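The values are calculated or read from the model by the stated rules, or taken from the named source; none is laboratory data. Fair warning: this is a prediction, and the values are worked out from it, not measured in the lab. Neighbour counts run over all protein chains shown; Cβ positions are idealised from the backbone, glycine included. Protein only, heavy atoms only, side chains kept; ligands, DNA and RNA dropped before computing areas. Shrake-Rupley method; radii C 1.70, N 1.55, O 1.52, S 1.80 Å.
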Amino acid sequence: QVQLVESGGGLVQPGGSLRLSCAASGAIFRRFDMGWYRQAPGKQRQLVAAITTGGSTNYADSVKVRFTMSRDNAKNTVYLQMNGLKPEDTAVYYCNGKILWNDYWGQGTQVTVSS
(Lines give C-alpha, C1' and ligand atoms only; values in the text may rest on other atoms or scores of the structure.)
Protein backbone atom coordinates (compact mmCIF):
# COMPACT_ATOMS: atom_id res chain seq x y z
CA GLN A 1 0.00 0.00 0.00
CA VAL A 2 1.48 3.32 -1.09
CA GLN A 3 0.72 6.39 0.97
CA LEU A 4 1.51 9.99 0.11
CA VAL A 5 1.15 12.64 2.81
CA GLU A 6 1.41 16.34 2.00
CA SER A 7 2.26 19.09 4.45
CA GLY A 8 3.31 22.73 4.45
CA GLY A 9 0.22 24.47 3.15
CA GLY A 10 -1.29 27.53 4.77
CA LEU A 11 -2.20 31.18 4.42
CA VAL A 12 0.42 33.53 2.98
CA GLN A 13 0.41 37.09 1.71
CA PRO A 14 1.01 37.88 -1.96
CA GLY A 15 4.72 37.79 -2.71
CA GLY A 16 5.36 35.34 0.11
CA SER A 17 6.79 31.84 0.07
CA LEU A 18 5.80 28.35 1.17
CA ARG A 19 7.46 24.98 0.92
CA LEU A 20 5.25 21.94 0.46
CA SER A 21 6.46 18.46 1.35
CA CYS A 22 5.15 15.07 0.29
CA ALA A 23 6.33 12.04 2.22
CA ALA A 24 5.91 8.59 0.67
CA SER A 25 5.67 5.28 2.46
CA GLY A 26 5.09 1.70 1.46
CA ALA A 27 6.98 1.87 -1.83
CA ILE A 28 10.38 2.04 -3.47
CA PHE A 29 10.22 5.79 -3.76
CA ARG A 30 13.15 6.26 -6.13
CA ARG A 31 11.27 4.32 -8.83
CA PHE A 32 8.36 6.77 -8.86
CA ASP A 33 7.92 9.74 -11.13
CA MET A 34 6.42 12.40 -8.89
CA GLY A 35 4.24 15.42 -9.49
CA TRP A 36 2.46 18.29 -7.80
CA TYR A 37 -1.02 19.18 -9.02
CA ARG A 38 -3.43 21.83 -7.85
CA GLN A 39 -7.16 22.34 -8.00
CA ALA A 40 -8.86 25.67 -7.43
CA PRO A 41 -12.60 25.89 -6.67
CA GLY A 42 -14.66 25.27 -9.80
CA LYS A 43 -11.61 24.36 -11.88
CA GLN A 44 -10.02 21.16 -13.09
CA ARG A 45 -6.97 19.71 -11.41
CA GLN A 46 -3.85 20.79 -13.25
CA LEU A 47 -0.21 19.79 -13.24
CA VAL A 48 2.04 22.32 -11.53
CA ALA A 49 5.40 20.54 -11.54
CA ALA A 50 6.86 17.10 -12.10
CA ILE A 51 10.13 15.33 -11.46
CA THR A 52 11.32 12.06 -12.97
CA THR A 53 13.21 9.25 -11.28
CA GLY A 54 16.35 10.77 -12.81
CA GLY A 55 15.66 14.20 -11.38
CA SER A 56 14.52 16.00 -14.52
CA THR A 57 11.85 18.60 -13.85
CA ASN A 58 9.17 20.42 -15.79
CA TYR A 59 6.77 23.14 -14.78
CA ALA A 60 3.52 24.73 -15.84
CA ASP A 61 4.16 28.03 -17.60
CA SER A 62 2.30 29.89 -14.86
CA VAL A 63 4.79 28.85 -12.17
CA LYS A 64 8.09 28.70 -14.04
CA VAL A 65 10.86 30.65 -12.30
CA ARG A 66 8.73 31.04 -9.16
CA PHE A 67 8.35 27.34 -8.13
CA THR A 68 11.03 24.68 -7.74
CA MET A 69 10.40 20.97 -7.31
CA SER A 70 12.99 18.65 -5.83
CA ARG A 71 13.24 15.17 -4.39
CA ASP A 72 15.24 13.51 -1.63
CA ASN A 73 15.21 9.78 -2.23
CA ALA A 74 16.95 9.11 1.09
CA LYS A 75 13.98 10.71 2.88
CA ASN A 76 11.29 9.41 0.49
CA THR A 77 10.14 12.99 0.10
CA VAL A 78 9.47 15.51 -2.64
CA TYR A 79 9.26 19.24 -2.14
CA LEU A 80 7.71 22.19 -3.88
CA GLN A 81 9.33 25.51 -3.05
CA MET A 82 6.92 28.27 -3.97
CA ASN A 83 8.17 31.85 -4.13
CA GLY A 84 6.49 35.02 -5.31
CA LEU A 85 3.07 33.60 -4.55
CA LYS A 86 0.07 35.20 -6.21
CA PRO A 87 -3.64 35.08 -5.32
CA GLU A 88 -4.19 32.91 -8.42
CA ASP A 89 -1.96 30.24 -6.84
CA THR A 90 -4.69 29.63 -4.25
CA ALA A 91 -5.76 25.99 -4.51
CA VAL A 92 -5.58 22.59 -2.91
CA TYR A 93 -2.21 21.11 -3.82
CA TYR A 94 -1.94 17.36 -4.36
CA CYS A 95 1.08 15.11 -4.50
CA ASN A 96 1.07 12.40 -7.18
CA GLY A 97 3.24 9.34 -7.68
CA LYS A 98 3.39 7.24 -10.83
CA ILE A 99 4.98 3.87 -11.47
CA LEU A 100 4.16 1.73 -14.49
CA TRP A 101 0.36 1.83 -14.79
CA ASN A 102 -0.26 2.81 -11.15
CA ASP A 103 -1.19 6.27 -10.00
CA TYR A 104 -1.21 7.39 -6.35
CA TRP A 105 -2.50 10.58 -4.73
CA GLY A 106 -2.16 12.32 -1.43
CA GLN A 107 -5.05 13.90 0.43
CA GLY A 108 -4.08 17.45 -0.52
CA THR A 109 -2.99 20.55 1.35
CA GLN A 110 -4.64 23.96 1.09
CA VAL A 111 -2.62 26.95 -0.05
CA THR A 112 -4.30 30.34 0.26
CA VAL A 113 -2.64 33.52 -0.99
CA SER A 114 -4.40 36.58 0.31
CA SER A 115 -3.74 39.88 2.00
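Consider the range 8-63 and keep the residues that are among the charged types (D, E, K, R) and more than 27 Å from S114 (Cα to Cα). The one that is modelled with the highest pLDDT is D33.
Every listed requirement among (1) buried (at least 21 other Cβ atoms within 10 Å of the Cβ); (2) within 15 Å of S7 (Cα to Cα); (3) in contact with a Phe, Trp or Tyr (Cβ under 8 Å, 6 or more places away or on another chain) is met by F67 save one, (2).
For the range 38-57, the candidate set comprises residues that are among the small types (G, A, S) and under 11 Å from N96 (Cα atoms); within that set, the residue that is most open to solvent (accessible area, probe 1.4 Å) is A50.
Residues in the range 7-24 that are open to solvent by 50 Å² or more (accessible area, probe 1.4 Å) and either without any contact (Cβ under 8 Å) to a residue 24 or more places away in the chain or farther than 21 Å from N73 by Cβ (or both): L11, Q13, P14, G15, S17.
Scanning the range 25-37 for residues that are open to solvent by less than 20 Å² (accessible area, probe 1.4 Å) and not in a loop (DSSP other than H, G, I, E, B) yields a total of 4. Restricting attention to the range 100-113, the residues that are closer than 17 Å to A23 by Cα and open to solvent by less than 40 Å² (accessible area, probe 1.4 Å) total 3.
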